[in-house]
Amino acid sequence: MSISLGVPEILTESGAWLRGHFLLTSGLHSDQFLIMARAFERPAWGRQLGRLVAELFRQDGVQAVVGPAMGGVLLAYEVAAALGCRALYTEKTETGMALKRGFRLAAGERVLVVEDAVSTGGSVKKVLEHLRSQPALVVGVAAVADRSGGRAAFPVPFRSAWSLEVSQWTADACPLCAKGVPLSRPKEG
């Protein structure tokens, strides 16, 4: 296992990049799925992914990295380690996401929000919404993989270590459903 691999190589070698018929968190269907937790099973892979993401914002004076639980927790830790700053994470609440467990951000603290993979950006948007109530300054959003093909948009700069175009359909327009291909929910098993 080489730690000099790029994102697609790590995702392929780790088994994180799946092909088939999948139900996405958004409710859409797709022929590809990234089960990013698989890429963090080996610390060398996680460390390499964290370094690749950290380089995207190295010049932005990041003082804290925040990731949404679950997908962003390990990535936030590895990006923060690469940048030499703090790692925090948000957790789901009844209304969105929030910093818990005594995590606090200081006035003006420069924060980078990270996510393992972005499709619609829903989790990141919930984190950004919560961080608006904090005294910190969000300098950007970074992801290992941008599944949106560049369509994900945030009110701060967004950069990814890897971008791919993934087909997505509503259930009633899904060609894989029409062919009778069984639907898989990879996060459930």
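By residue number, which cysteines of the chain lack any other Cys whose Cβ falls under 4.7 Å from their Cβ?
85
Please list log₁₀ I(q)/I(0) at q = 0.08 Å⁻¹ for the chain, using the Debye equation with identical point scatterers on the alpha-carbon positions.
Relative scattering, expressed as log10 I(q)/I(0), comes to -0.25.
Using a Förster distance of 22 angstrom, determine the FRET efficiency expected from the C-beta separation of residue 26 and residue 133, and round it to 0.05.
So, using R0 = 22 Å, E works out to roughly 0.30.
Among 44, 171, 16, which residue has its Cα furthest toward the positive end of the charge dipole of the chain, with +1 on Lys/Arg Cβ and -1 on Asp/Glu Cβ?
The one lying farthest along the dipole's positive direction is 44.
Using θ = phi - 60° and the Karplus form 6.51 cos²θ - 1.76 cosθ + 1.60, what ³J(HN,Hα) does each residue of the range 143-151 get, whole Hz, x for Gly and Pro?
My calculation for the range 143-151 gives 9, 5, 10, 9, 7, 7, x, x, 8 Hz in order.
Between residue 104 and residue 177, what is the FRET efficiency for a Förster distance of 45 Å, r being their Cβ-Cβ separation, to the nearest 0.05?
That pair, residue 104 with residue 177, gives E of 0.45.
About the Cα centre, and with charges only on the beta carbon of Lys, Arg (+1) and Asp, Glu (-1), how big is the dipole of the range 7-188? Nearest 20 debye, please.
Computed about the Cα centre, the dipole is about 320 debye.
Readers should treat all values here as calculations from the given coordinates under stated rules, not as data from a laboratory. Keep in mind that this is a model prediction, so the values were computed, not measured. All Cβ positions, glycine included, derive from the backbone under ideal geometry; neighbour counts span all protein chains shown.
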